């Protein structure tokens, strides 16, 4: 399972992502895709997010919490890995 949240990105990027995932709310995408497609989509998102945009991807993984997360672009929050537990740090 994959969840992607996009904010302040070009509409064309949202359209491209909707080819692979279901847009449940404006800028919020979810679905089940292979790891290869997921990583390719993330690479594409990071290239197109822009200076004012931001992106967050959460996907299933064999970790203590059961998921991994990635962030790109402008953000007020960051991800901190503390002894294998992912926490959100507010700037």
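Each reported figure results from applying straightforward, stated rules to the coordinates on display, with no laboratory input. Note that the coordinates shown come from a computational prediction; the quantities given were computed from them, not determined experimentally. Glycine gets a Cβ as well: all are built from the backbone with ideal geometry, and neighbour counts include every protein chain shown.
Some values worked out for this structure:
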| quantity | calculated |
| --- | --- |
| Exposure proxy ranking, count of Cβ atoms within 10 Å, fewest first, for 71, 1, 57 | 1, 71, 57 |
| Helix-only [θ]222 nm of the chain, DSSP H runs n ≥ 4, -39500 (n - 2.57) each, per residue, nearest 500 | -7000 deg cm²/dmol |
| Label-to-label distance, nm, for residues given as residue 36 and residue 52 (7 Å Cα→Cβ offset) | 3.8 nm |
| Taking the chain and dividing mean pair separation by its residue count, relative contact order in percent (alpha carbons under 8 Å, at least six apart) | 26 percent |
| Whole-angstrom gap from segment 32-62 to segment 1-17, using each part's C-alpha centre | 9 Å |
| Cβ-Cβ FRET estimate between residue 22 and residue 86, R0 fixed at 35 Å, reported to 0.05 | 0.90 |
